[in-house]
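The values are calculated or read from the model by the stated rules, or taken from the named source; none is laboratory data. All values derive from a computational prediction rather than experimental measurement. Because the Cβ atoms are built from the backbone with ideal geometry, glycine has one as well, and the counts that use them run over all protein chains shown. Note: areas computed on protein heavy atoms with side chains; ligands, DNA, RNA excluded. Shrake-Rupley method; radii C 1.70, N 1.55, O 1.52, S 1.80 Å.
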Amino acid sequence: MRLALALLLLVAVAAFHLLSPFRSLAEAWRIDPALGQALLVELRLPRTLLALGYGATLGISGAALQALFANPLASPDITGSSSGAAMGAVLGSYWLGIASPLLLALCGALGAGLALALLVALAGRRSDKVRLLLAGLAVSLAAGAATSLLLALAPSPFAFYDSFEWLMGSFTDRSLGQAAAALIPAAIACGLLLRRSRALDLMALGDDVLASLGHRPRRIGNEIVGLSAIAVGACVSVCGAIGFVGLIAPVMARRMVRGHPGRAIAPAGLIGALLLMLADLATRNVNLDHAIPVGVLTTLIGTPIFIAILLSMRGRMAS
């Protein structure tokens, strides 16, 4: 019942996101129906699709990573996969001269995969929360520094200026082709992650139980890492890194399914899509002289929640 209500709410918010602000759309349609159609299809539809799909991707991949690492802090931004994807996209765009959105999505996926592989090498799959947090922080800092260095040494002197809005996370001025390049690989990867929700529930009981039921824990772990890298990397290559949605959505979803990590994957996708669309609506409707990148808003909102999760974990460990 809760899942059905969340789905209905998501459809309503998506429709509102597509049509808002109504006045400018109605005015464009009154002046010229072709202009109104172009505004709706070429500008607003890609933005709505990316906000919806990227949010769902962050929620699903975040829930899968949290189930894999058995750790509520494991999310695409905390584990460094978002930073690694940004590094891969910058390398492909400014150094390899890649302009194809699909190839840039591949570069982002490779960067995210490298970051997650490094995290597993540093912390291990069943590491304690502190070790995972420190390893993720190290990977994120290293990938962020590498991205800055690549931009500073890029052949284009305007690399920093051109990529600023993208690095902060934005859906502005994206095309349907870019949306397809990001969302088609992400949708395939997320669909495969959803198929592994039962195995991730069993993984919470231990690798021995999982193996006794015919699954291969190591193989499943590698699949989760690889699929999460593809999903997140493809979206980051088009929209930039957006933080904390992949952390918050799974935490909220687990409360809906009574703590089952595998069952939380689908609700986390719905919640992530809803959160990111609401954040983008807020940035579009705030009357300021300059637009606020949606990634800045999610970070401002997510940081206190992240601190609250850390404090609650410290309280549980102390008790």
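Residues in the range 241-255 include none that are over 16 Å from D77 (Cα atoms), in contact (Cβ under 8 Å) with a residue 60 or more places away in the chain, within 14 Å of the chain's Cα centre (by Cα) and in a helix (DSSP H, G or I). Here T172 fulfils each of the conditions (1) at pLDDT 90 or above; (2) β-branched (V, I, T); (3) under 30 Å from H17 (Cα atoms) apart from (1). In the condition set (1) under 22 Å from the mean Cα position of the chain (by Cα); (2) not in a helix (DSSP H, G or I), S156 is compliant with all but (1).
Scanning the range 159-175 for residues being within 19 Å of the chain's Cα centre (by Cα) and part of a helix (DSSP H, G or I) gives a total of 6.
Got at least one residue in the range 113-133 being closer than 16 Å to G233 by Cα, open to solvent by 30 Å² or more (accessible area, probe 1.4 Å) and not in a helix (DSSP H, G or I)? No; the residues of the range 113-133 include none that is closer than 16 Å to G233 by Cα, open to solvent by 30 Å² or more (accessible area, probe 1.4 Å) and not in a helix (DSSP H, G or I). Taking helices (runs of 4 or more DSSP H) as the structural unit, those lying wholly within the range 1-90 and holding at least 2 residues that are out of contact with any helix residue (DSSP H, G or I) (no Cβ under 6 Å at 6 or more places or on another chain) correspond to 2-19, 22-31, 33-38, 45-69. For the condition crowded, with 20+ Cβ neighbours inside 10 Å and under 18 Å from G262 (Cα atoms), L227 qualifies. The residue list D162, D208 contains one member that is open to solvent by 60 Å² or more (accessible area, probe 1.4 Å) and within 20 Å of L50 (Cβ to Cβ), which is D162. Scan the range 134-148 and give yes if some residue there is at pLDDT below 90, farther than 20 Å from C235 by Cα, touching a Phe, Trp or Tyr at 6+ places or on another chain (Cβ under 9 Å) and of a type in the set (A, V, I, L, M), otherwise no. The answer is no, given that none of the residues of the range 134-148 is at pLDDT below 90, farther than 20 Å from C235 by Cα, touching a Phe, Trp or Tyr at 6+ places or on another chain (Cβ under 9 Å) and of a type in the set (A, V, I, L, M).
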